[in-house]
């Protein structure tokens, strides 16, 4: 028999659907919301409703936005000769937090995964090619994760651009052994990437 009343159980089950939230964490959050003496439940409800109604995809790069275009695409000071290709909107946030890139982005919303049933037509590759064909684009930086799917998507993008005969440089973000990491604990994909994207002494 479930010790929680049904409305509370429904809240716990809803919170468990969030990534990284298990039964214990969901229960703790639900009880905290229930015990709040202020307007937290009402504020959460209002914020969730606003997010659902106002957040949309940027029609240019497909990042999340509440405007006609996202903050990056509408910024006149961004370098429009570079397009950094990422898998998800969260990757844009991660790269922006590094304050090391001043170009534009393109969010694929997935990676090519034959085993997962995701093909080239299921992600935003056609829209990427349309952008690359526009005048002024000179480099495409592929910043997908160093996984089998990420590597496969990178090679597919590079081949698409080559087959289209476009004068655009395709580069890949460096990946490999992290600072403080030990080789004996690294997986095969990480080690292969570290060797593939090695740099010479003059490049350091």
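The values are calculated or read from the model by the stated rules, or taken from the named source; none is laboratory data. Predicted model, so just to flag it, every value in this text is computed and none were measured. Please note: Cβ atoms are built from the backbone with ideal geometry, for glycine as well, and neighbour counts cover all protein chains shown.
Looking only at helices (runs of 4 or more DSSP H) that lie completely in region 115-200, which have at least 2 residues being touching a strand residue (DSSP E or B) at 6+ places or on another chain (Cβ under 9 Å) and under 21 Å from residue 60 (Cβ atoms)?
On the way: elements: 125-132, 148-163, 188-196.
Correct list: 125-132, 148-163.
Before we move on, is residue 42 over 29 Å from residue 109 (Cα atoms) and surrounded by fewer than 13 Cβ atoms within 10 Å (Cβ to Cβ)? Can you show your working first?
On the way: over 29 Å from residue 109 (Cα atoms): yes; surrounded by fewer than 13 Cβ atoms within 10 Å (Cβ to Cβ): yes.
Criteria met by residue 42.
Looking at 85, 72, which is the one that is outside any loop (DSSP other than H, G, I, E, B), under 30 Å from residue 150 (Cα atoms) and modelled with pLDDT of 95 or more?
Numbers: 72 fails: outside any loop (DSSP other than H, G, I, E, B).
Among 85, 72, only 85 is outside any loop (DSSP other than H, G, I, E, B), under 30 Å from residue 150 (Cα atoms) and modelled with pLDDT of 95 or more.
Which residue is surrounded by the fewest Cβ atoms within 10 Å (Cβ to Cβ), if the candidates are limited to region 131-161 and must be free of Cβ contacts under 8 Å to residues at least 24 places away in the same chain and under 20 Å from the mean Cα position of the chain (by Cα)? First the steps, then the outcome.
First, pick out the residues of region 131-161 that are free of Cβ contacts under 8 Å to residues at least 24 places away in the same chain: 134-135, 154-155, 158-159.
The next check asks that each one be under 20 Å from the mean Cα position of the chain (by Cα); those that pass are 154-155, 158.
Numbers: 154: 21, 155: 14, 158: 16.
Ranking the qualifying residues of region 131-161, first place goes to 155.
Could you grab me the full set of residues in region 175-197 that are within 28 Å of residue 126 (Cα to Cα), in contact with a helix residue (DSSP H, G or I) (Cβ under 8 Å, 6 or more places away or on another chain) and surrounded by fewer than 17 Cβ atoms within 10 Å (Cβ to Cβ)? Selection gives 189 alone.
Part of a strand (DSSP E or B), outside the structural domain of residue 19 (by TED's automatic domain parsing), within 19 Å of the chain's Cα centre (by Cα) and more than 22 Å from residue 193 (Cβ to Cβ): which single residue out of 93, 104 fits that description? Step through it out loud before you land on a result.
On the way: 93 fails: part of a strand (DSSP E or B).
That would be 104, the only listed residue that is part of a strand (DSSP E or B), outside the structural domain of residue 19 (by TED's automatic domain parsing), within 19 Å of the chain's Cα centre (by Cα) and more than 22 Å from residue 193 (Cβ to Cβ).
Being surrounded by fewer than 13 Cβ atoms within 10 Å (Cβ to Cβ) and not in a loop (DSSP other than H, G, I, E, B) is the filter here; which residues of region 14-27 pass it? Please lay out each step first, then the result.
Here is the first cut: in region 14-27, the residues surrounded by fewer than 13 Cβ atoms within 10 Å (Cβ to Cβ) are 14, 17-20, 22-24.
Passing the criteria: 14, 23, 24.
Got a sec? Which of 29, 111, 64 is touching a helix residue (DSSP H, G or I) at 6+ places or on another chain (Cβ under 7 Å) and over 30 Å from residue 140 (Cα atoms)? Talk me through it step by step, then tell me what you get.
Numbers: 111 fails: over 30 Å from residue 140 (Cα atoms); 64 fails: over 30 Å from residue 140 (Cα atoms).
Exactly one of 29, 111, 64 is touching a helix residue (DSSP H, G or I) at 6+ places or on another chain (Cβ under 7 Å) and over 30 Å from residue 140 (Cα atoms), namely 29.
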